[in-house]
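The values are calculated or read from the model by the stated rules, or taken from the named source; none is laboratory data. Predicted, not measured: the structure shown is a model, and the values here were computed from it. Here the Cβ is made from the backbone with ideal geometry for all residues, glycine too, and neighbour counts use every protein chain on show. Surface accessibility is based on the protein's heavy atoms, side chains included, excluding ligands, DNA and RNA. Shrake-Rupley method; radii C 1.70, N 1.55, O 1.52, S 1.80 Å.
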Amino acid sequence: MASDIITLSGRSEEYVVAGSTVDVFRDSTKTMTFEKVVSLYASHPGSFSMKGQQFNDPRSAFWVRFRLKDISSGKNTWLLELYDNRLDDIVLYLPMKDGSFQIIRAGDNQVFGEKTFQHINFVFQLPPLTSEESVVYMRLYSKHEIFLYGLVRSVQRYVAYTTHEYFYVSVFYGILLALAIYNLLMLISVRDRDNSYIYYILYVASTAFYSLSRDGMGFQFIWPNFPELNAFAEPLGLYCIAITLLLYARSFLNIRFNNPLLDKLILTAIVVRTLIFVIGLLVSGQFTRNLYMDFPLMLLAYVAGFLSYKEGYKASRYYIIGFTFLFIDFCIMLVEAFGVVINDVLAFYSFNMGVVIQFVVLSIALGDRVRLIIREKNEVQENLIIQLKAQEAYKDQINLQLEEKVKERTLELEEKNSQLDSFVYKASHDIKGPLRSLMGLTKVGLVDFENMPEVAVYFQHIMKTSTKLDVILEDLLTVTKLKTFQLQKGEIDVEVMMKEIIETFHHLPNFTKLEISIGVSGDSKLVSDEKVLYSILQNLIENAIKYQDEIKSDSWLKVSIQLTAKEAVFVFEDNGAGINETQLTKIFDMFYKVNDKSIGSGLGLYILKQATQKLGGTVQVNSVQGKGTKFTVVIPNGTERSEIRDLKSD
């Protein structure tokens, strides 16, 4: 029975090429020509009777035939998209008006740049179609299973779908990166002795690598010129997921001490999986991408969570929830592997949705374990207090002991805060040297490879990222310095200082677009700390330059400075982009950015507020989005006669 004809009309912009709309023939010899295949269908149409969407036979090629007709009066340009981005070889035969066929070859054994459409999937433009039936043939071959699912889309639908697809995939990888960085910082601060945070980060990294190879993002953005890696990346990612998954489960659930028998079973599974991985490489010359062998490993880690919870290990509750989503993911992927798929796109991207939820829950599980440990310690302390209170004879002595413990804890906390500040300062300072060296080498690389744009673009990305990191480190150093900085007051010529600061911003792109006016009133001299005040004024001017409203033709910054014997009032008013009213209470928070387009480290206004408070002053902000922003900084003026005498005597 012939397949259903795909009728392209104005009622829809997307049509499925799979199931009842295709005829499939297995070429077990892999030698049949296009002419023989066409002749075979004409004489024996029943030979194109293979069913399903999953075909796993590396010894055979598969010929796919489907019919089209366009009754949309030629209003749309149609594209064919194949969802299996791991196909080794594709030969597409497109019917032309003169009866001939246009032949297009593609496959993941070609470099990514050879694709007509730079997309993770294989996309081809169909020739102009008419209301008469046209037949398209495809020859598909792959060393692994073939997932036959395609769509005929209009260009408009393709552009809209692709934009959303890349956006959501970017969000997915952004979440994984954020979780990895967050737990890396937790590892540094908590100093987890059982390595749970390390295995969690490796598990996230393995999953990200597997996803990159599975959805094609890795081939497009990481190894586009090395198609031979496509055959190894996905199975390698699966292997890493399986190993790091078991190591994380073993460490988080403390199986080594709580259940020695289960621990031996997990170690055995790791060794066996590694042997299979190595043997597959040495014997067959390629890695194994079999989900069936990794499902028992995932199930083992899943069951370990239930056993630990049954034995009273409360920290495993979130672990079980997280691995439930992983279990569902594996089940969907197995169903997809068996060819029983309810919604193909949902089945493919369910892995991404599931792992995000899983990693968020597992991150919560790590934090929950820390909270439980603290709670257990607190319970022990409370029980101790109750017991001590029951002994009336020792009441006074117990109270004294408790007070001493509180003092010790306070001193420890203060010491740890001091150590943390020292760590941030030393780490930022130590990183700056190698970072500056990296930036210098990058500049040399940009010069050396200026005639090789495909290489130079990587150096440009490195320079851009290094510059951002340099700004963050500089701001972190400023934050730590402010806490211990000893004020050194002296007379300051505010007008000269303003001009010096403005002069330093001539290199900024939008500097010439901003008209800056300065007005100073009052006869009193300003006495304050020059370095701290310089930092405050520099931040305010820099923000006005960077966040101009590009829509407005004339941008301005008006600076009003009023000096009295008691205080100095600085008012910075501009007609820039402005800030949303709901965000005004947060802009002085550490690392807060108004939006994703905001440049810098997110520490500028935080430093501004800390510096103002260091001088004993205040800062206020008024802003209307789209109209402008007004900052008012008030600092005390040390020009009282007693302070002047002290300064002169010094």
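Observations, loosely collected:
- Every listed requirement among (1) of a type outside the set (Gly, Ala, Ser); (2) free of Cβ contacts under 8 Å to residues at least 12 places away in the same chain; (3) farther than 28 Å from Glu114 by Cα is met by Ile243 save one, (2).
- The sole residue among Arg65, Arg105, Arg59 that is open to solvent by 40 Å² or more (accessible area, probe 1.4 Å) and assigned to a strand (DSSP E or B) is Arg105.
- Leu177 falls short on exactly one of the conditions (1) at pLDDT 90 or above; (2) closer than 28 Å to Ala242 by Cα; (3) surrounded by 17 or more Cβ atoms within 10 Å (Cβ to Cβ); (4) of a type in the set (A, V, I, L, M), and that condition is (3).
- Single unsatisfied condition, Asp329 versus (1) open to solvent by less than 10 Å² (accessible area, probe 1.4 Å); (2) modelled with pLDDT of 85 or more: (2)
- Hey, Leu87 out of contact with any helix residue (DSSP H, G or I) (no Cβ under 6 Å at 6 or more places or on another chain), closer than 16 Å to Phe66 by Cα and open to solvent by less than 50 Å² (accessible area, probe 1.4 Å) or not: no
- Subset tally (residues that are within 20 Å of Phe147 (Cα to Cα) and in a loop (DSSP other than H, G, I, E, B)) for segment 10-33: 4
- Residue satisfying all of: in segment 513-530; open to solvent by 50 Å² or more (accessible area, probe 1.4 Å), modelled with pLDDT of 85 or more and not hydrophobic (A, V, I, L, M, F, W, C); farthest from Ile587 (Cα to Cα) among these: Ser521
- Under the condition of being open to solvent by less than 10 Å² (accessible area, probe 1.4 Å) and of a type outside the set (Phe, Trp, Tyr), the residues counted in segment 109-122 number 3.
- Residues of segment 303-331 classified as farther than 17 Å from Ser251 by Cβ and among the aromatic types (Phe, Trp, Tyr), total: 4
- Filter result for Glu503 (of a type outside the set (S, T, N, Q) and over 24 Å from Leu603 (Cα atoms)): no
- Scanning segment 138-157 for residues being closer than 19 Å to Gln110 by Cβ, open to solvent by less than 40 Å² (accessible area, probe 1.4 Å) and not in a strand (DSSP E or B) gives a total of 2.
- Members of segment 1-37 found to be open to solvent by 60 Å² or more (accessible area, probe 1.4 Å) and either over 20 Å from Val91 (Cβ atoms) or among the basic types (Lys, Arg) (or both), listed by number: Met1, Asp4, Gly10, Arg11, Glu13, Glu14, Val16, Ser20, Arg26, Lys30, Lys36
- Matching residues in segment 180-231 - criterion: being closer than 27 Å to Asn121 by Cα, in a loop (DSSP other than H, G, I, E, B) and open to solvent by 40 Å² or more (accessible area, probe 1.4 Å): Ile222, Asn225, Phe226
- Check on Arg273, charged (D, E, K, R), buried (at least 21 other Cβ atoms within 10 Å of the Cβ) and over 15 Å from Leu176 (Cα atoms): no
- Top-ranked residue in segment 90-102 [being at pLDDT 90 or above and in a loop (DSSP other than H, G, I, E, B); ranked as most open to solvent (accessible area, probe 1.4 Å)]: Met96
- Selected residue [of a type in the set (Ser, Thr, Tyr), farther than 23 Å from Leu603 by Cα and in contact (Cβ under 8 Å) with a residue 24 or more places away in the chain] from Ser553, Ser535, Ser517: Ser517
- The listed residue being at pLDDT 80 or above and either surrounded by 13 or more Cβ atoms within 10 Å (Cβ to Cβ) or part of a helix (DSSP H, G or I) (or both), out of Lys481, Lys499: Lys499
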